[in-house]
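The values are calculated or read from the model by the stated rules, or taken from the named source; none is laboratory data. Predicted model, so just to flag it, every value in this text is computed and none were measured. Cβ: placed from backbone, ideal geometry, glycine included. Neighbour counts: every protein chain shown.
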Amino acid sequence: MHRMACLPLLPALVLALASALAPSAVADPQAILLNLGCSQYNATPTAAFLVALNSTFAKLRANLSAGGFATASEPRAAAPAFALAQCRPYVTGRDCVACFDAAAARIRASCGAANGGRAILDGCVIRYESAAFFDQSTLPGNTQLCNGSAVAGGGFDGAVRALIGDLAAAVPRAPRLAAAAAGAGVYAMAQCVETVGAGGCAQCLQVASRNIGGCSPNSDGRAVDAGCFMKYSDKRFFPANATVDLAAYLRSGKSRGKGAIIGGILGGVAFLLLLGLLALLWIRRSRKLQKPRRGDILGATELQGPTSFYYHDLKVATNNFSEKNKLGEGGFGDVFKGLLKNGKTVAVKRLTVMQTSRAKADFESEVKLISNVHHRNLVRLLGCSRKGSECLLVYEYMANNSLDKFLFGERRGTLNWKQRFNIIVGMARGLAYLHEEFHVCIIHRDIKSSNVLLDDDFQPKIADFGLARLLPDDHSHLSTKFAGTLGYTAPEYAIHGQLSEKVDTYSFGVVILEIISGRKSNDTRLEPETQYLLESAWKLYENENLISLVDELLNREEYKPEEVKKIIEIALLCTQSAVASRPTMSEVVVLLLSRNSSELQPTRPTFIDSTSRVRGETSSSSSSSASRATVSISQFSARGDTTLHFVGNNVISDKLWWMRQQLLIQSANEREDRKPIYRGLCWFCMG
């Protein structure tokens, strides 16, 4: 994906420049840059993201001087933005704002339209992302920054390690998770981001203390991580009145702690050796799983594996996966509503998969990509957990459930025309992001109304990436086994196993017809002539009577007939037999939002019905596959319906046709060399 042009944040930069040029009594904002990183991916749509980011930066600046810490977000913007700023406890008031302005100018000049970035200065830190991150404590890429020359004598090194150890133990219990202290010629401070909580702070400072310990006996050292900051020096870098008595926050006096350690050693040497061995194995395993990508800076905006949840915590959150908490069922497992300890409501999908020795290497890169897909119209994977062969996937929770409930379920008829149109546009934008705006093309493979969830504002979010596949840049399509839902599936994929992003385009066209008509793609309760929605829509198009397809429960005063006809024609463009004739999803977005009334001329669609029969004309992406296509012509009589199947120049019976289709599907299955992505996810999850 080409990097987009960088559009400046004018209000934020004006504020920064005004602050820098205006005469002031700023004492020391400690604006030395320590660490700067930008995501390699651009936000989309760029203009909307920069507007949202402007807003969050303005809020941060307005609130920062009051307490030295602020968060801001625009979660419902067209391109959501989340930001955080924090000053050191001894950098206050105007100094804090001056440090923020310096950091903001740096981050905007360097990151441009990137969807994430952070600037760590000596006196403050700013971070922004396109998704919420406020509870992140430690991430791959945490590091130390060592300066100065070595201090002679062993006393300084010991004093540094002692003071850093005390800070790491005391700060998680200190007010606002920050403290500065001095002793034996060493000055040190530690601070955690206030939103990570005491537990996250302790975890982060344990890592930071190990990192910064590598700097001693240098005279100056710092440790940086996503959720904390630590610094020591042989020179005072904070006011004398900023120090804190750490004794009040330490669990016990040193003599008591030393006695307990000696007693533990004398009483259980064997136990400690065993515990040490287990800890060593665990650390080696964790480092292997969390090995950062080269070039990561705090790992904040680069590709990350999904967050690991404890299995027990998710079991408690879902009330032991009780039926009362069940939200729905799917081909890969049941979905349950869960309430986490922090009060956040999530959706937990419970999968049972067979463990295989070959899965980890095959799926690691794909799983990282899926867990890093962030778009307002895509349901976000928050994390996972694993216990034995059981895998739990944690997603953001959508209170309004799935789209199919509103189209032909218990809430049928409650969506008005504006809501339906917005759902169509939102789905198109989400698919355009997957296909063209993310840095690799991701094909969903199972677009249908039950896989579209609705948030509180009835904005759509495409869900269930269990069948997703990646399309390499140098491939026009993949040959793979069929996996999806008949009635929504493109014929070239169901019959020949040819997978491209146009398979999702086809399915999207079918869902458009469902949204407009309030009918299922295949409704066996209807007469055979109207049972198949796509076939019925094409007949109405040929008869210039498309308006008859509109859901009778829609208020006719809410929509314009010409507008509805245009959207149905767009759906028919998406379902054309010729793969090359279908528009890309970005072109679909333009067509949907265009006010141009130019006439669209779709060609006849082909589809696979619920019995795996091909209906209508078929073609494929190549002439060779087209010559092998099957055409089914249904004829109806008073005694029932019969179907003639043409294969090349031959006419075959239902039984022979069905046997042929099974052989085709079996052949496609044998070409498959991958497994569904859900299996890969489980390798990243802790029990």
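Is it the case that segment 94-117 has a residue that's more than 19 Å from ARG176 (Cβ to Cβ), in a loop (DSSP other than H, G, I, E, B) and of a type outside the set (S, T, N, Q)? I'd like the intermediate steps shown before the answer.
Start the filter on segment 94-117 by keeping residues that are more than 19 Å from ARG176 (Cβ to Cβ), which leaves 94, 98, 101-117.
Cutting the leftovers down to in a loop (DSSP other than H, G, I, E, B) gives us 112-113, 115.
If we keep only those that are of a type outside the set (S, T, N, Q) as well, we get 112-113.
Among the residues of segment 94-117, at least one is more than 19 Å from ARG176 (Cβ to Cβ), in a loop (DSSP other than H, G, I, E, B) and of a type outside the set (S, T, N, Q), which makes the answer yes.
List the helices (runs of 4 or more DSSP H) that sit entirely inside segment 483-550 and contain at least 1 residues that are touching a Cys at 6+ places or on another chain (Cβ under 9 Å).
Details: elements: 491-496, 502-517, 533-542.
By residue number, 502-517.
Give the residues of segment 517-539 that are hydrophobic (A, V, I, L, M, F, W, C) and surrounded by fewer than 19 Cβ atoms within 10 Å (Cβ to Cβ), sorted by residue number. Can you show your working first?
First pass over segment 517-539, keeping only residues hydrophobic (A, V, I, L, M, F, W, C): 526, 533-534, 537-538.
Scanning segment 517-539 gives a single hit, LEU526.
Within segment 43-75, count every residue that is of a type in the set (S, T, N, Q), more than 14 Å from GLY116 (Cα to Cα) and in a helix (DSSP H, G or I). I'd like the intermediate steps shown before the answer.
Kept after step one, since they are of a type in the set (S, T, N, Q), are these residues of segment 43-75: 44, 46, 54-56, 63, 65, 71, 73.
Of the ones still in play, those that are also more than 14 Å from GLY116 (Cα to Cα) are 55, 63, 65, 71.
Within this subset, residues satisfying the condition of being in a helix (DSSP H, G or I) are 55, 63, 65.
Residues meeting the conditions: 3.
In this structure, does GLY148 turn out to be assigned to a helix (DSSP H, G or I) and surrounded by fewer than 17 Cβ atoms within 10 Å (Cβ to Cβ)?
Details: assigned to a helix (DSSP H, G or I): no; surrounded by fewer than 17 Cβ atoms within 10 Å (Cβ to Cβ): yes.
The answer is no for GLY148.
Return yes when ILE570 is at pLDDT 95 or above, more than 17 Å from GLY413 (Cβ to Cβ) and either assigned by TED's automatic domain parsing to the domain that holds LYS502 or not in a helix (DSSP H, G or I) (or both) and no when it is not.
The answer is yes for ILE570.
Show the residue pairs meeting these rules: Cβ distance below 6 Å; 6+ apart or different chains; first residue within segment 135-150 and at negative phi and of a type in the set (A, V, I, L, M); second residue surrounded by fewer than 22 Cβ atoms within 10 Å (Cβ to Cβ) and in a loop (DSSP other than H, G, I, E, B).
Correct list of pairs: LEU139/GLY299; ALA150/PRO217.
Show the residue pairs meeting these rules: Cβ distance below 8 Å; 6+ apart or different chains; first residue within segment 410-433 and in contact (Cβ under 8 Å) with a residue 24 or more places away in the chain; second residue of a type in the set (Asp, Glu) and not in a loop (DSSP other than H, G, I, E, B).
ASN416/GLU558; TRP417/GLU558; LYS418/GLU558; LEU431/ASP504
Being closer than 20 Å to LYS405 by Cα, in a loop (DSSP other than H, G, I, E, B), of a type in the set (Asp, Glu) and modelled with pLDDT under 85: is that true of ASP464 here?
Working: closer than 20 Å to LYS405 by Cα: yes; in a loop (DSSP other than H, G, I, E, B): yes; of a type in the set (Asp, Glu): yes; modelled with pLDDT under 85: yes.
Yes.
Quick grid of which residues meet (1) surrounded by 21 or more Cβ atoms within 10 Å (Cβ to Cβ); (2) over 23 Å from ASN522 (Cα atoms); (3) touching a Phe, Trp or Tyr at 6+ places or on another chain (Cβ under 8 Å):
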| site | (1), (2), (3) |
| --- | --- |
| ARG412 | no, no, yes |
| ASN422 | no, yes, yes |
| TYR433 | yes, yes, no |
| VAL440 | no, yes, no |
| ILE443 | yes, yes, no |
| LEU454 | yes, no, yes |
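Would you be able to say whether some residue in segment 504-518 is touching a Phe, Trp or Tyr at 6+ places or on another chain (Cβ under 9 Å), modelled with pLDDT of 90 or more and more than 17 Å from LEU407 (Cα to Cα)?
yes
Could you say which residue among ALA182, ALA159, ALA131 is out of contact with any helix residue (DSSP H, G or I) (no Cβ under 7 Å at 6 or more places or on another chain) and assigned to a loop (DSSP other than H, G, I, E, B)? Working first, answer last.
Working: ALA182 fails: assigned to a loop (DSSP other than H, G, I, E, B); ALA159 fails: assigned to a loop (DSSP other than H, G, I, E, B).
Testing whether each residue is out of contact with any helix residue (DSSP H, G or I) (no Cβ under 7 Å at 6 or more places or on another chain) and assigned to a loop (DSSP other than H, G, I, E, B) leaves just ALA131.
Scan segment 86-105 and give yes if some residue there is modelled with pLDDT of 90 or more and within 26 Å of the chain's Cα centre (by Cα), otherwise no.
Among the residues of segment 86-105, at least one is modelled with pLDDT of 90 or more and within 26 Å of the chain's Cα centre (by Cα), which makes the answer yes.
Across segment 183-206, what is the number of residues that are under 24 Å from ALA150 (Cβ atoms) and surrounded by 17 or more Cβ atoms within 10 Å (Cβ to Cβ)?
5
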